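To start, the structure under review is shown below, and the notes come after it.
All of the numbers you see were taken from the coordinates with simple rules; none came from a lab. Keep in mind that this is a model prediction, so the values were computed, not measured. No Cβ is skipped: glycine too gets one built from the backbone with ideal geometry, and neighbour counts run over all protein chains shown.
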Amino acid sequence: MLYPDFVASPEVRRRYWARSSLGWPGFAAAQPNPAHHGLATLEHRGLLTGIVTQNVDRLHQQAGSQAVVDLHGRLDQVRCLGCDVRLARTDWQVELLRANPAWSRAPAQAAPDGDAIPAATDFAEFRVPGCPDCGGIVKPDVVFYGEAVPAGVASAARGLIEQADALVVVGSSLMVYSGFRLVRDAVAAGKPVVAINLGRTRADDLLTHHWRQDCARALPALVARLAVQG
């Protein structure tokens with residue numbers, strides 16, 4: 001989703017929220033996997049300074065991680081672009097379905113990040129409520145393409161990199177520059193960078209080591225190895 005399109009076009013907002021209303025139930029039901037739990041365990045043992053995540057699902061927090069920077073925001077809440085009020089996404093779902101009661105029964109195929117592909121492609125009749133406080137445009141509290149990462153969030157991410165002795169990239173291709181930039185910062189500071197990822201990354205030529213394995217298998221194995229050594 002391009003931020004300028006979302007802000008400028010009521011048609012784009014109808015399409016976004018219609019699809020999101022169908023995708024949200026499955027997204028909200030997602031649970032942490034062994035990689036999330038492995039990272040939480042490393043933090044609890046004092047081996048992990050914190051996590052900078054490009055994900056918007058809050059699964060790290062559900063797994064028990066405490067020091068988490070949500071670099072691209074969080075999909076479990078929405079905010080008004082007019083008055084900046086925040087609302088829980090579950091409450092916003094109620095408003096969407098109240099305005100469009102038949103839409104909850106529309107067949108759809110799940111897509112990434114809470115999106116869904118409905119069988120119907122005409123969104124003209126879908127009604128998007130305004131902010132309950134001021135009537136303004138309501139947007140998911142995530143960073144769209146064409147939108148900058150908030151300065152405070154970027155600063156918090158850099159702070160975690162500065163505190164750490166090394167950087168571990170878990171399950172990311174680093175194709176989005178906001179993540180790749182943190183790797184460049186770590187390398188510039190003389191810190192080793194290790195990737196746990198099946199495929200190539202944008203930072204392959206900067207890595208100290210690349211562990212080519214599924215992170216949901218690699219993290220539990222790493223936790224177990226460190227437990228034996230420690």
Please list 3J(HN,Hα) in residue order for the range 35-49, calculated via the Karplus relation 6.51 cos²θ - 1.76 cosθ + 1.60 where θ = phi - 60°; whole Hz, with x for glycine and proline. 5, 4, 5, x, 5, 4, 5, 4, 5, 5, 8, x, 9, 10, 5
Report, largest value first, the span of the C-alpha coordinates of the range 124-186 along each principal axis, in whole Å. 52, 24, 18
Per residue Cα convex hull volume for the range 87-166, in cubic angstrom? 166 Å³
Run the quick spin-label model on Met175 and Ala8: label points 7 Å from Cα toward the beta carbon, then report their separation in nm to one decimal. 2.5 nm
Listed with the fewest Cβ neighbours within 10 Å leading, Thr208, Thr41 appear as Thr208, Thr41
Taking the chain and a Cβ-Cβ threshold of 4.7 Å, the cysteines left without a partner are Cys215
Seen from all sides and averaged, what is the projected area of the convex hull of the Cα atoms in the range 172-213, in nm²? 2.5 nm²
Spelling it out for Leu2: with amide H atoms placed in the peptide plane at 1.01 Å from N, the residues 5 or more places away or on another chain with amide H under 5 Å from its amide H are none
Kirkwood Rh, Cα Rg: Rg to Rh for the range 1-43? 1.27
Alpha carbon centroid spacing (whole Å) that separates the range 151-230 from the range 96-129: 37 Å
For the range 1-122 (alpha-carbon point model, no solvent) the Debye-based log₁₀ I(q)/I(0) at q = 0.13, 0.16, 0.18 Å⁻¹ works out to -0.62, -0.87, -1.02
Can you tell me the length gained on complete extension of the stretch Arg212 to Asp133, counting 0.36 nm per residue apart and subtracting the Cα distance? 23.5 nm
If the range 44-86 were replaced by its equivalent ellipsoid, with semi-axes equal to the square roots of 5 times the Cα gyration tensor eigenvalues, what would those be, largest first, whole Å? 26, 10, 9
Consider just the alpha-carbon atoms of the chain and return their Rg together with their Dmax, both in angstrom. 19.6, 61
Report the per residue volume, in Å³, of the convex hull enclosing the C-alpha atoms of the range 92-225. 194 Å³
